[in-house]
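Shown next, in structure tokens, is the structure this report addresses.
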Amino acid sequence: MFKYLLKKEFTLIFRDLHALLVLFVMPVIFILIMSLALKNSYSNSVDTPLKVAISSSKNNKSIKTMIESLNKSNFFETKYLEIENKKETLYKQEYDFIIEIQRDYIERIKLNDDNFKVSIYSKPDISLQKIELLKNLISNASTKIILEDLMLAQKIDTKNVLDFEAKIQNNYIYKKDNFEIEPTSVQQSVPAWLVFSMFFILIPISNTFINEKNFGTIDRIRSINVSLFPILLGKIVPYYFINQIQVVFMILVGIYLVPLLGGDSLEIKGNIALIFLVSSTLSFASISFALLIANISRTTEEATTIGGVSNIILAAIGGIMVPKFVMPKFMQDFSDYSPMSWGLESFLEVFVRGGSFNDISTYLYNMIVFAIICLLLAYTLLKKRR
């Protein structure tokens with residue numbers, strides 16, 4: 001009898017082409033968009049540097065040195081400009097920053113004269129991080145100019161000292177030996193939207209399950225002495241396979257499709273068995289949650305609304321839509337209560353950090369407990385309906 005239940009479910013799944021499109025096309029679009037949008041956030045470069053205009057009464061040596069220093073940064077494109085109207089420069093000439101600086105500010109610093117200022121003008125939608133970065137670069141460039149003059153006066157070789165920043169290198173430490181992978185945006189976006197898409201399995205589940213309840217299909221199956229547990233299990237197994245196909249498909253998108261559009265390629269160096277374990281556990285959690293929503297709802301529209309809103313909220317607080325590292329501390333702590341966060345962190349541990357089973361065990365246990373609770377509630381509601 002169980003094989004006929006499975007046959008019924010697979011037949012219903014492949015008849016619902018719109019739901020299958022949601023499960024596969026929607027996350028692919030999100031992966032492509034977010035991988036390309038966040039690409040520069042994970043690299044030390046930008047496709048379009050911010051335009052900076054330096055304005056001073058005279059383009060002397062210190063101003064030229066300042067411009068050269070700022071242009072060494074990958075994030076800014078700086079030039080000297082005589083400015084009459086700041087508003088026109090920002091909005092019509094499309095500059096991002098204007099730096100207004102006195103031509104003798106270096107000499108004033110050397111004489112301990114603090115009666116000078118450096119003013120930065122920008123559009124109101126420029127992020128504070130970019131403003132702070134520019135301020136730090138201006139400060140470093142000014143310090144470098146003063147230090148170079150001082151060292152030349154003392155007849156000290158300036159090369160090694162002034163190029164000290166280039167000698168500072170960052171090194172990643174991974175949890176697994178012989179595991180090296182460069183962090184990229186695609187390693188955040190693929191696991192994130194993969195988790196999101198797996199939870200949207202509730203759309204085809206709720207469509208078929210609610211229709212079966214309303215049309216009396218479940219009652220007829222029960223009339224031939226089939227218990228509720230095989231009926232629920234018959235829902236879990238087919239959609240589990242759909243979830244695993246999603247996992248493979250999204251990984252292939254990250255490896256092959258994203259680079260074709262100019263993004264980074266997804267590298268898989270983590271333990272394949274752990275990836276399968278995470279995807280299986282996450283699938284169990286998402287399907288159980290979908291069955292709970294399907295039993296709470298009376299119509300497919302109600303299930304889509306409740307499930308869709310729930311998924312979006314879980315994704316928003318779980319680091320799916322916005323990476324957790326840009327969230328404030330209280331939101332990062334709050335995200336630990338989202339099952340999507342457990343799935344995402346498990347994938348990131350394996351994909352990016354080279355983690356082992358011990359590193360993801362807590363997340364796996366949380367997802368299993370969550371799935372069991374949802375499944376028991378779904379079973380209770382279905383039995384109560386009888």
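The values are calculated or read from the model by the stated rules, or taken from the named source; none is laboratory data. Just so we're clear, the structure is a prediction, and the values are computed from it rather than from any experiment. Neighbour counts are summed over all protein chains in view; Cβ atoms, including those assigned to glycine, are modelled from backbone coordinates with ideal geometry. Only protein heavy atoms, including side chains, enter the accessible area calculation; ligands, DNA and RNA are left aside. Shrake-Rupley method; radii C 1.70, N 1.55, O 1.52, S 1.80 Å.
Observations on the model:
- At q = 0.13, 0.19, 0.22, 0.25 Å⁻¹, base-10 log of I(q)/I(0) for segment 321-383 (Debye sum, equal scatterers on each alpha carbon): -0.45, -0.79, -0.93, -1.06
- Electrostatic dipole magnitude of segment 21-147 [Cβ: Lys, Arg +1; Asp, Glu -1; Cα centre; debye, to 20]: 220 debye
- Distance in nm between pseudo-label sites at VAL309 and ALA273 (7 Å out along the Cβ direction from Cα): 4.4 nm
- Packing-based order for 240-246, 201-207, 115-121, using average beta carbon neighbours within 10 Å, highest first: 201-207, 240-246, 115-121
- For segment 245-386, diffusion coefficient by Stokes-Einstein and Kirkwood Rh (Cα), 10 °C, 1.306 mPa s, µm²/s: 96 µm²/s
- Solvent exposure of LYS235, expressed as accessible area, is near 0 Å², computed with a probe of 1.4 Å over the protein chains only.
- To the nearest 10, the accessible area of GLU94 is 120 Å² with a 1.4 Å probe.
- The slack between LEU261 and THR380, meaning 0.36 nm per residue of separation minus the straight C-alpha distance, is 38.0 nm.
- Approximate spin-label separation SER139-ARG298, in nm, with each point projected 7 Å along Cα-to-Cβ: 6.3 nm
- Distance between segment 50-76 and segment 351-366 - C-alpha centres, whole angstrom: 47 Å
- Length released on extending from ASN85 to LYS64, taking residue separation times 0.36 nm less the Cα-Cα span: 5.4 nm
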